[in-house]
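A.B. asks: Dropping a structure here in structure tokens format, bear with me for questions.
The values are calculated or read from the model by the stated rules, or taken from the named source; none is laboratory data. The structure displayed is predicted, hence computed values, not measured ones. Glycine gets a Cβ as well: all are built from the backbone with ideal geometry, and neighbour counts include every protein chain shown.
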């Protein structure tokens with residue numbers, strides 16, 4: 001499988017997240033990034049819109065997966081849960097360690113997803129038109 005435009009969108013979203021976190025660490029004085037809660041909200045929002053909204057969750061169950069691909073999916077699931085938990089905790093408690101965990105898990109999630117997309121097995125070839133042998137077995141032959 002090759003990388004698609006969705007991977008480019010998530011890469012841009014990850015760059016925005018990196019810029020936001022660096023601005024927070026550098027005390028750049030940007031309006032929303034001056035606090036832990038504001039930075040966590042930005043990372044969660046950009047991650048949800050730029051990453052989760054462009055995910056192809058159904059494709060993982062419709063295509064063949066290698067054992068390594070299945071492990072990467074499991075790792076991505078764990079990273080997503082960690083990112084969400086750390087993000088909520090950073091919003092509630094204004095904890096800088098939770099913000100750092102949110103940032104690290106989000107960037108790692110992008111990296112795992114991009115690697116999985118780059119090295120995934122290609123989809124099986126199609127026979128030209130969709131036929132449904134179970135519904136109409138007489139339409140399975142090409143004319």
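A.B. asks: Mind checking which pairs have a first residue in segment 24-41 that is at positive phi and a second that is part of a helix (DSSP H, G or I) and surrounded by 14 or more Cβ atoms within 10 Å (Cβ to Cβ), Cβ under 8 Å, 6 or more apart or different chains?
C.D. replies: 27/34
A.B. asks: Among the residues of segment 1-32, which ones are at pLDDT 85 or above, surrounded by 13 or more Cβ atoms within 10 Å (Cβ to Cβ) and either over 16 Å from the mean Cα position of the chain (by Cα) or assigned to a loop (DSSP other than H, G, I, E, B) (or both)?
C.D. replies: Hits for segment 1-32 are 19, 20, 21, 23, 24, 25.
A.B. asks: Let me ask something else about it. Across segment 116-143, what is the number of residues that are modelled with pLDDT of 60 or more, out of contact with any helix residue (DSSP H, G or I) (no Cβ under 7 Å at 6 or more places or on another chain) and in a helix (DSSP H, G or I)?
C.D. replies: 1
A.B. asks: Considering 83, 93, 76, 113, which residue is at pLDDT 90 or above, under 21 Å from residue 16 (Cα atoms) and touching a helix residue (DSSP H, G or I) at 6+ places or on another chain (Cβ under 9 Å)? Before you say what the answer is, go through the steps one by one.
C.D. replies: Details: 93 fails: under 21 Å from residue 16 (Cα atoms); 76 fails: at pLDDT 90 or above; 113 fails: at pLDDT 90 or above.
Sole residue among the options that is at pLDDT 90 or above, under 21 Å from residue 16 (Cα atoms) and touching a helix residue (DSSP H, G or I) at 6+ places or on another chain (Cβ under 9 Å): 83.
A.B. asks: Please determine whether any residue of segment 54-71 is at pLDDT 85 or above and within 13 Å of the chain's Cα centre (by Cα).
C.D. replies: Residues of segment 54-71 that are at pLDDT 85 or above, as a first pass: 71.
Then keep just the ones that are within 13 Å of the chain's Cα centre (by Cα); that gives none.
For segment 54-71, residues at pLDDT 85 or above and within 13 Å of the chain's Cα centre (by Cα): absent.
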